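For reference, the structure is listed below as structure tokens.
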Amino acid sequence: MPTSVLATKLYIPPPRTKVVLRPRLVDRLTEGLQGKLTLISAPAGFGKTTLVSEWIEVNDRPTAWLSLDEGDNDLTRFLTYFVAALQTIAPSIGDGILGALQASPPAPTEALLTALLNDITTLPIQFVLVLDDYHVIETASVNHALTFLLEHLPPQMHLVITTRDDPQLPVTRLRARGQLTELRATDLRFTPSEAAEFLNHVMRLSLSGADITTLETRTEGWIAGLQLAALSVQGHRDVAEFIRAFAGDNRYIVDYLVDEVLRRQPATVRTFLLQTAILNRMNGSLCDAVTGQQDGSARLEALERGNYFVIRLDDKRHWYRYHSLFADVLYAHLLVEQPDQVAVLHGRASAWYEQHDSTADAIHHALAAKDFTRAARLIELSIPAMRRGRQEVTMLGWLQALPAELLRNWPVLNIHYAGTLLLGGKTEGVEARLLDAERWLDATADTGDMVVVDEAEFQSLASSIAMYRAAIALTLGDVESTLKYAHQLLAHVPDDDHLRRGAASGFLGLAYWRYGELEAAHEAYIECMAHLQKVGFLSDVLGCSITLADLRIEQGRLREAMSTFERGLQLATQTVPVLRGAADMHVGMSALYRERNELASAAQHLLRSKELGEFNGLPQNQYRWCVAMARVREAEGDLDAALDLLHEAERLYMSDFSPNVHPIPALRVRLWIAQGKLGDALAWAREQHLSVEDDLTYLREYEHITLARLLMARYKRDHDDHAALDLMGFLPRLLQAAETGGRMNSVIELLVLLALAYHMQGDLAAALVPLERALTLAEPEGYVRLFVDEGQPMSALLEKAVKHGINPTYARQLLSTSGKAEDKPAGKQALIDPLSEREMEVLRLLGTDLDGPDLARELTVSLNTVRTHIKNIYTKLGVNNRRAAVRRAEELDLL
């Protein structure tokens, strides 16, 4: 987007007069600063924008301004301009977010908005942001984003929205909370005294009191009607008779009065007004190009001076626009008087914008002119840059506006169309676009009708088709087709096309991963990462690092996984600002430290990840952070907090091409089993149609191991021999499948479960055999929690292992850790029912000024969980408020 366009969108229009015409409303706007949102909602012509600009002149808070248009329905574009507006207040605000908006894959919107909100909270000042003409916003994604911002808006910021229609925002909720100030049409209408001030001083008329009353009554204080009436009155000798002559509703009045204004203009001015009505914004040069006249700048300045509904868009008086109501009527007159000229005028505007490097505007006018060939040419040339800017919504709108019969002959546009649909998460219609592109690769095809503008993209047509078909197949879970198209892609792509070769290797890796062929997947991803690194796609390189480490973890090679995360972190922190994947590296390292039982380090890495995320809107996969923290809370014994975090993880989960081999519901079931909620766990197993008779696949391996844990829990609780029989037949099958696939992480877990199952049945000798193998495999990689999390039954087995000389050093180390986990120190508590570690953490925070929601955020749990902890603390300490709790804790030397 050219700098001139950005400047006009962020320009705060000055008040039309030095006199504040509606001081009563200015006072209401100032009073509204106590809340979060001021909503000014009224039809066109009620002076919404003018009122806000007048208020800004007397308001002492810094103000940012963003004028919205239809193009801002693209979420990426909206957020880009939103941040740019904020940067007029604080230049560094949101810097990391602008980069993350263009990253691939795009960061989750809420993660970006959270980072932006955190930036805002650091500002030492209070300020106002105005979103003008919000009625143009129709997409749910933008409304959802603004809703999220409003619900978490820091006290530093106040939002003002002007709109013709009530927005799809939580207006009712804000009103109920007293956080909303509303001004509507009835508030905005001029009072008789305000109408008199406007007509006689601003419009420089000398109307009698009776004439003013008549005009005010006829227009019902509607400002646009009064302004048009004033313009019309200026040309009439019998003013009183003219005022008495018109009546009707607002639309009729506008049509009538604009006709009056136009009728009295010289032919050249009238032509200028009508022909420039096609423009959303205009300057002298653009007007000259459209009208064929030579005095555009002078005419715009004269119209502004004459109050002809021309609004200045910058301080230099370079860019202007018509009031939308005035423009609508002018355009209606143009359609009636010069219908044959409309397409010609749009075509001239398109040519001017193309010459001035404003491609989006050039495309808009080409489409309006129905010059689809010109539009298609511009679209084909612009899409690479638009894709880098993540403006898929805008691209899709352009492509959908082109006739189907034209598209069939533009192979490159069809490829872009397919890619845009896929990037938007849509698969319907993609294959049709690929087929339309593919037919031009037939050597026998008549290419006489084919149109290609981007020759380089056409040369890559076959490889692009294969790439998108591989993506579709992977999305549909068709692994064989994914492999086929990935190999086709490699066959068509030259060695130096690192981007596409990297994509092909990545697809191969993902396909192998779904099959459970982990080493082949790892090798393919190593190649993918090398190609991406050569073309500088470092954020994607870090995404590959996550996959490579995940694969090594599945293989039970934890130390290599840690090295992968450490190398990724080193790469991510070599740049300024830090790359967006740095936060993900910390999340991965946290999980590995947790397995080592270094819980403090695990928590520290998650804290560091969160801090990085506040600056660059990440981690990329936010749900992984929640899962990692849930596992830490589980290790600390706080299962309720762990479940809360898993619930949040499920809400944030975003499916991508990577196989979901550790589904969050299965993680939750394991916690239910630990809590004894076997009924809920059994319901899950039934819903998932899990059975010990299932064919075993890698993609369901984690769920099947969870089912085995459920069978073991049923046997322990109910002494259900049928469950035991199922379990002892199921575990060896699972073990063999995992060993065959080299999935040693699952192998170690299954060996542990098999040992516990034998021991549970009283067969110690049989139990020690799989336990010995599990210890042998686990020790070199530093496994701890996998054993310790099994609790007392595993401690009993480990004691037997030491007694029998089975890996005694490692077994004693695990026993030592297990003892610490089971006998958590109670400090100097003199309580019959001691506080848990988590309750102690909450107790320490009760001595601060943090309220309930702040405590929940600090502890990364829900407010309900905080309340449960506080209730338990009060019960154990025998108190009924937080001050008494802190005092009692100090008496017991707990703090």
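Things worth noting here:
- Note: the chain, Cα convex hull, 195 Å³ per residue.
- One decimal place: the segment Ala456-Glu687 gains 78.1 nm when fully extended, by the rule 0.36 nm per residue minus the C-alpha distance.
- For Lys534, the accessible area of its heavy atoms, probed at 1.4 Å with every protein chain present, is near 140 square angstrom.
- Counting charges near Asp851 (Lys, Arg +1; Asp, Glu -1) among other residues having Cβ under 11 Å from its Cβ returns a value of -1.
- In the complete set of protein chains, residue-level accessible area for Glu57 is approximately 130 Å², probe 1.4 angstrom.
- Percentage of interatomic Cα-Cα distances in the range 504-603 larger than 17 Å: 51 percent
- His318 accessible area, 1.4 Å probe, all protein chains in place, Å² to nearest 10: 90 Å²
- Heavy-atom SASA rank of Asp132, Asp695 (probe 1.4 Å, accessible area, largest first): Asp695, Asp132
- Listed residues Thr817, Thr447, Thr276, Thr740 arranged by accessible area, highest first, probe 1.4 Å: Thr740, Thr447, Thr817, Thr276
- When the range 443-489 is described by a simple charge dipole with +1 on each Lys and Arg Cβ and -1 on each Asp and Glu Cβ, the residue from Ser460, Ala471, Ala443 located farthest towards its positive end is Ala471.
- Phi-based couplings in Hz for the range 121-127 (Karplus 6.51, -1.76, 1.60; Gly and Pro marked x): 5, 7, 6, x, 10, 9, 8
- Remark: for residue pairs Lys9/Lys48; Lys48/Lys316; Lys534/Lys610; Lys716/Lys803, the C-alpha separation exceeds 27 Å in Lys534/Lys610.
- Between the range 341-390 and the range 680-704, the alpha-carbon center distance in angstrom: 54 Å
- Seen from all directions on average, the range 126-206 presents a Cα convex hull projection of 7.4 nm².
- Cut-off under 5 Å, modelled amide H: who pairs with Thr63 long-range: Val128
- Using 0.36 nm per residue and subtracting the Cα-Cα separation, the extra length available between Ala796 and Phe242 on full extension is 189.2 nm.
- Counting only DSSP H runs of at least 4 residues, each contributing -39500 (n - 2.57), and dividing by the residue count of the chain, the helix-based mean residue ellipticity at 222 nm comes to -20000 deg cm²/dmol.
- Once backbone amide H atoms are built at 1.01 Å from N, Ile311 has Arg321, Tyr322, His323 as its partners under 5 Å, excluding neighbours fewer than 5 places away on the same chain.
- Karplus-based coupling profile of the range 441-456, in residue order and whole Hz: 8, 5, 4, 8, 5, 7, 8, x, 8, 6, 10, 10, 9, 8, 5, 4, with θ = phi - 60° in 6.51 cos²θ - 1.76 cosθ + 1.60 and x standing for Gly or Pro.
- Placing Leu199, Leu169 in order of accessible area, with the largest value first and a 1.4 Å probe, yields Leu169, Leu199.
- Note, ³J(HN,Hα) from phi for the range 786-800, Karplus 6.51, -1.76, 1.60, rounded to Hz, x at Gly and Pro: 4, 8, 4, 5, 7, x, 4, x, 6, 4, 4, 5, 5, 4, 5
- Förster-model FRET efficiency, 60 Å R0, Glu480 and Ala884, C-beta, rounded to 0.05: 0.35
- For the peptides 359-366, 635-642, the ranking by mean Cβ contacts within 10 Å, running from highest to lowest, is 359-366, 635-642.
- FRET efficiency for the Ala385 to Met728 pair, using the beta carbon distance and R₀ = 41 Å, is estimated at 0.10.
- Nearest-0.05 FRET efficiency for Ala298 and Arg204, computed from C-beta distance (R0 25 Å): 0.70
The values are calculated or read from the model by the stated rules, or taken from the named source; none is laboratory data. The structure presented is a predicted model; accordingly, all values stated were derived computationally and were not measured. A quick note on method: Cβ atoms are made from the backbone with ideal geometry, for glycine too, and the neighbour counts reach across all protein chains shown. What goes into the accessible areas is simple: the full protein's heavy atoms, side chains included, and nothing from ligands, DNA or RNA. Shrake-Rupley method; radii C 1.70, N 1.55, O 1.52, S 1.80 Å.
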